[in-house]
Amino acid sequence: SVGGQQLSNRNLLINGDMQISERNGTTSTAYTNAQYSLDRWQIVNDNASSKFTTQQVTDAPVGFYNSLKMTSSSAYTPVSGEVFGVGQKIEGYNTNWLEFGTSNAKSITISFFVKSSLTGTFGGSVLNHGMTRGFPWTYTISSANTWERKTVTVVGCPDGTWDPFNTTGIRVHWSMGAHANRSDTAGQWSSTTYSFHPTGATDVVATNGATLQITGCQVEVGDTATTFEH
């Protein structure tokens, strides 16, 4: 082990390098809520029709071949109850050892490469199955249209209900935007239902044609991001 972690099977995400796209190949597609784009990557267009497209592309940072590209379809301002983005639901059997919901809850670290036509503060969230606990997180994009690596550490959640079995154990979400009532303060656990988006972060769907690409996405136990596990 390194730093108390195993050498293999560190990444709790599947298809984090965006290599598998069985449903639509490389076709740019607008999905409705809860449909799957690239394998394991679920679309969120909550309470709204699709406001962005997703596509597997071969534009990627050094060491990778593919990325998931999201493109805003219009200049849209989210209204009450709306949230947009992509993410993965990790099965409870694969996360119950993190002991979320107890005083022994372990921290996790999210790492990924990102590229956007916009700059500023962006975000995502970690949520439980019932979305009654959420940890909005932020990251900063400094240069437009440039691949940058980001890391975010999320402290373990000591309370709430976290499913340990074959439904969603932990949900990890990358945001394309949300209304204020689907947002909350970044960097802390919230009991506000549906806290998908950090307050004040960029709504990518608000800019027509804006793009956000991610790849090399990894979620692992601990407070240190290791090299992406291919």
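The values are calculated or read from the model by the stated rules, or taken from the named source; none is laboratory data. Given the structure is predicted, the values throughout are model-derived calculations rather than measurements. Ideal geometry is used to build each Cβ from the backbone, glycine not excepted, and the neighbour counts take in all protein chains shown. Surface areas here come from the heavy atoms of the whole protein model, side chains and all, with no ligands, DNA or RNA. Shrake-Rupley method; radii C 1.70, N 1.55, O 1.52, S 1.80 Å.
Before moving on, here are some points about what is shown:
- Part-to-part distance (alpha-carbon centres) for segment 197-212 and segment 50-119, which is given in Å: 13
- Percentage relative contact order, segment 15-122, counting C-alpha pairs under 8 Å, at least six apart: 22
- Exposed chymotrypsin sites (Phe, Trp or Tyr not before Pro) absent - longest run of the chain, DSSP non-H/G/I/E/B, at most 15 other C-beta within 10 Å: 66-164
- Of the labelled figures (i) 1.05; (ii) 0.94; (iii) 1.29, only one reflects Rg/Rh (Cα atoms, Kirkwood Rh) as derived from the coordinates, namely (ii).
- What segment 85-194 shows is 39 Å² of accessible area per residue, with the surface traced by a 1.4 Å probe over protein heavy atoms.
- Basic side chains Lys and Arg get +1 at the Cβ, acidic Asp and Glu get -1 at the Cβ, and with that the dipole of the chain about its Cα centre reaches some 220 debye.
- For segment 17-22, 3J(HN,Hα) per residue [Karplus equation, 6.51 cos²θ - 1.76 cosθ + 1.60, θ = phi - 60°, Hz, x = Gly/Pro]: 9, 6, 7, 10, 9, 6
- Remark: segment 171-187, residue by residue, has Karplus-estimated 3J(HN,Hα) of 10, 10, 10, 9, 8, 9, x, 6, 6, 4, 7, 10, 10, 7, 4, 6, x Hz, where x stands for each Gly or Pro and the curve is 6.51 cos²θ - 1.76 cosθ + 1.60 at θ = phi - 60°.
- 3J(HN,Hα) along segment 52-66: 7, 10, 10, 7, 7, 10, 9, 7, 7, x, 4, x, 10, 10, 10 Hz, from the Karplus curve 6.51 cos²θ - 1.76 cosθ + 1.60 with θ = phi - 60°, whole Hz, x for Gly and Pro.
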